[in-house]
1. Just checking, how many residues over the range 279-314 are of a type in the set (A, V, I, L, M), in a helix (DSSP H, G or I) and either surrounded by 19 or more Cβ atoms within 10 Å (Cβ to Cβ) or modelled with pLDDT under 95 (or both)?
2. Would you say Ile317 is β-branched (Val, Ile, Thr) and surrounded by 13 or more Cβ atoms within 10 Å (Cβ to Cβ)?
3. Answer yes if at least one residue in the range 232-249 is closer than 29 Å to Asn142 by Cα, open to solvent by less than 10 Å² (accessible area, probe 1.4 Å) and part of a helix (DSSP H, G or I), and no otherwise.
4. Here is a list: Glu175, Glu144. Which entry is among the acidic types (Asp, Glu), farther than 22 Å from Val79 by Cβ and in contact with a His (Cβ under 8 Å, 6 or more places away or on another chain)?
5. If you take the residues of the range 204-259 that are β-branched (Val, Ile, Thr) and free of Cβ contacts under 8 Å to residues at least 60 places away in the same chain, which of them is farthest from Arg72 (Cα to Cα)?
6. Go through the range 39-133 and tell me which helices (runs of 4 or more DSSP H), entirely inside it, have 2 or more residues that are open to solvent by less than 30 Å² (accessible area, probe 1.4 Å) and of a type in the set (A, V, I, L, M, F, W, C).
7. Conditions: (1) modelled with pLDDT of 95 or more; (2) open to solvent by 50 Å² or more (accessible area, probe 1.4 Å). Met380 meets all but one. Number of the miss?
8. Answer yes or no: is there a residue in the range 54-72 that is under 22 Å from Leu158 (Cα atoms), in contact with a Gly (Cβ under 9 Å, 6 or more places away or on another chain) and modelled with pLDDT of 95 or more.
Amino acid sequence: MKLKRIQAAIIFTLGILLYINTWSFDFASDDKMMITANDFTKGGIEGIYKIFTTDAFAGFLGEGKDLLSGGRYRPLSQVIFNIEYSLFGLSPTLWHIQNTVFFGFAMLLVYLTLIKLFRTTKIEWFSIAFIASLLATVHPLNTEVVANIKSFDLLLALIFSFIALLYSLKYYDEEKPKHLIIIFFSMFLGTLSKETSLTFLGVIPLAILFFRSFNKKLFLKLFATLSASILAYFALRISLIGFPKSIEVTELLNNPFLEATVSQKYATIIYTWWHYMELYIFPHNLTHDYYPYTIGLMEWSNGVVISSLIIFISMTIWSLWKLYQTIVNQEYGNFVAFGWLFFMLVFTISSNLLVSIGAFMNERFIFVADIGWALIMAYMILYLSKRMQQPIFITYAILIPVLALFSLTTITRNYAWQDDYTLFTTDVKVSSNSAKCNVSAGGKSYERAKKTTDKHTKDILLLDAQTYLNQGIKIYPKYTQAYILLGNVYFETGEYTKSFANYIKAVELGERKDSKTNTLALGNKTHLENNYILSNTILEYYGQQFGYNSDAQYFIADNYLNMNKMDTAIIILNNIIKTDSNYAEAYNKLGEIYGRYKNNLQASEYYLIKGYEIEPTNASICENLGVLNAIRKNYKQAIFFLEKAVANSKKPSQQLLQNLQNTYRAVEGSKQ
């Protein structure tokens, strides 16, 4: 038992040490959706209620907005995030430590469960339970789960599912009814964490059939408990958020098979299964992004697709035959067959075969399932070793390099998850044909460029952003957000015509929210930079697309004024006042025009006083009133308004200060 404790400590400690470098990382990827930009996570007690009574993405997207067909219901991890946010605020370090510790515990639980499953009475260094647990712990495909805070839901699902499996074995061996209670609640909490736990309704009976003598009474009681727990989950889910909705997903980024034929869809799915297997054996070129078209649409004429289909069908049939032999002959189960069926059962829910998962594949989608492959790999290592004359040496010779390479790859891969910018610009090298990854890399390059003060660095980042965004558009020409971001990049570089063209394209594709805000900002920017003709073109387009806006009309009027079309400006400003009688800047501008250009001080005063009554703290109006009163030699009133203009200016202009100084001198001069 001492060796068992040592092995358990090794597994737990290794699980933490491999990811200790993530503790200094920021939020990344889906953390925004579930934590940093989720209203329910940050909503206190009311947020907890909302988490339990709405779809998993409602706190980010808004209630009633469904992202994926069937919806998602995973309240447990989000409730924990909510409580932790209420106590500690947005603390990525805390959550990274939490993920790491829970991963270490999860792998410890896997080890203890496998020991129990295989009835390992004599603990050895080279037991299949220990080697499989080591492989499961160090495998680089886990990085997305542990390094991405949001994937805490998967860690909880694994933990509760394996607690249910462990206590199912205990119940079968010891026949203690209290174990059924633990099984029920473990399965229930697992399903509240993530739908992955639903597959253990099949995994647990499978484990019993492979490695325990069949006892009908115990088996039925156990299965009834598992079924009751699953039914309780669905009863709660349906009572709180209703039946899962089947919706038509018409956005390629949430439906990767949107542009595929039925034949291409299933050929591509089978191809991804091959790629999962390839990545498990040779974990290289890892990426978080498998959106269209990191993997292209496949045809059945592709040799890899056919090979994948043959392997998966033949291995599944062989494994089922071994299960049949085990049940009929009441013999000890085959490790490889169990490992394969374990994988297939857990994998079904994220394989795209039964339920659309919104992407071609994802490395985290085989987390939990790949424990089955770890068992197969461990068995193969021990099998090869026993066939040699020096089994211990061969085991070391195979296992140590594998563990070392996997560990090094894991630690190195972690660094990609430091923050969004690092993740996207790292993974776009692998997912170079992904529209989403290119646009994400472009967006984060743009954000970083806006924050930097070094011109050379800024220019490089903006050029990178253009490259990524243009590539994203090339892959998926209907990617509206890409056009918005590219418009923003050109806005930043001063290429306003190109910026405008991209905003127009976004509008043509149906994007309204960001296009509206950014088009108005572009019209204002070109106005401030004295590009009056382009500014009016932009602002008039704004009015055609988004309707009347007082600010837009004001900028148009000012543009006409600067183009020496004063009468047109006056007409537009008067129309603004008729439409929006509280728009102070229109009164102010009319006051300027009548005072400065038409020398009609009475009309000027009328409009300026109107504007002042609406916004008495408007520095520009106060300054104009000060100048007007100074011209009329009402110095007391002039000083009042000019001093008020200074007080309400963040940074008073030299002209304003000069006007105030001249007025003081005029007062002194009048006394002499």
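The values are calculated or read from the model by the stated rules, or taken from the named source; none is laboratory data. Bear in mind that the values here come from a model prediction, so they are computed numbers and not experimental data. With ideal geometry, Cβ positions are generated from the backbone for all residues, glycine too; neighbour counts draw on all protein chains shown. Just so you know, the surface numbers come from the protein's heavy atoms only, side chains and all, with ligands and any DNA or RNA stripped out. Shrake-Rupley method; radii C 1.70, N 1.55, O 1.52, S 1.80 Å.
1. Within the range 279-314, the first condition is being of a type in the set (A, V, I, L, M), and the residues that meet it are 279, 281, 286, 295, 297-298, 304-306, 309-311, 313.
Then drop every residue that is not in a helix (DSSP H, G or I), which leaves 279, 281, 304-306, 309-311, 313.
Checking the rest, the ones that are also either surrounded by 19 or more Cβ atoms within 10 Å (Cβ to Cβ) or modelled with pLDDT under 95 (or both) come to 279, 305.
Of the residues in that region, 2 qualify.
2. Numbers: β-branched (Val, Ile, Thr): yes; surrounded by 13 or more Cβ atoms within 10 Å (Cβ to Cβ): no.
No, not satisfied.
3. Checked against the condition, which is being closer than 29 Å to Asn142 by Cα, open to solvent by less than 10 Å² (accessible area, probe 1.4 Å) and part of a helix (DSSP H, G or I), the range 232-249 yields at least one hit.
4. Working: Glu175 fails: in contact with a His (Cβ under 8 Å, 6 or more places away or on another chain).
From the options Glu175, Glu144, the qualifying one is Glu144.
5. Keep residues of the range 204-259 that are β-branched (Val, Ile, Thr), which gives 204, 208, 225, 230, 238, 241, 247, 249-250.
Restricting the remaining residues to those that are free of Cβ contacts under 8 Å to residues at least 60 places away in the same chain gives 204, 208, 225, 230, 238, 250.
Working: Ile204: 24, Ile208: 30, Thr225: 24, Ile230: 15, Ile238: 12, Thr250: 18 Å.
The qualifying residue farthest from Arg72 (Cα to Cα) is Ile208.
6. On the way: elements: 44-53, 58-61, 75-88, 92-117.
Answer list for the range 39-133: 75-88, 92-117.
7. (1)
8. No - not one qualifying residue is present in the range 54-72.
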